[in-house]
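The structure appears right after this line, and notes come after that.
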Amino acid sequence: MAAPTRTSRRGIGRPRRFLEETEIQLILDAATTVMRRNSYADATVQDILDEAGLSTRAFYRHFGSKDDLVKAIYRRDAERSAKRLADRVAAATSPRAAVEEWIDELLSFAYDARRAQRMAVIRAEVVREPTRYTQEERAAVDLMTRPLVQVLAAGKRDGSFPTTVPRRDAVSIYALTREVWRWVLDGRFRMSRRAALDHVLRFTLPALGWKGD
């Protein structure tokens, strides 16, 4: 039996059903596109469904509100980012190199134009209503710092980072790196990606007890 196909974008005729996971991804992708174009405040559920080629019923099968949808986008982006962070850390040849890879990947949110634009869409809403997203923010930080915690723990064992307290230091490095990419996005300081990386490392490595070059 052939897989169901999408209807036209404006939903001519009755939209066909998709597998649950596919339907969710279509809605999330459409929401990101519409919010990038219209902003969160101006993006309606109907706009999103028109973009996805789905029905109102499809939306409410998975989300109770537009706010729930934004939280789902936030979680999905955090999971994807955590996977990229873990892959770069795993490919590093030493704990010192892994820390640099982790920081550089997080900085990509400011220096990769596509990611920066995507981040700006979600960030605008999170900043506007921060208390709504406290749980999602904490979960995202946990996911994204997990590879770094493992690196710091390995560095403590092999003597690369003798003074580290892995979980606490990972969250601190995350906070510093995130603040630096906010500077870049806000235009507060102009610096290259390499300069931003070196700035974060200048504070990070001594705090971990690194004695190398």
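FYI, it's all coordinate maths here, none of it is from the lab. On a predicted model such as this, the values are computed, not experimentally measured, just so you know. Here Cβ is always computed from backbone atoms with ideal geometry, including for glycine, and neighbour counts include all displayed protein chains.
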Fill in the blank from the handout: Nearest-0.05 FRET efficiency for Val165 and Phe203 at R0 = 22 Å, using Cβ-Cβ distance, is 0.90
Handout entry: Nitroxide proxy distance, nm - points 7 Å out along Cα→Cβ at Ser39 and Ala113
Key = 2.3 nm
Practice task
Run through every distinct alpha carbon pair of the stretch 73-208 and return the Kirkwood hydrodynamic radius in angstroms, one decimal place.
Solution key: 15.2 Å
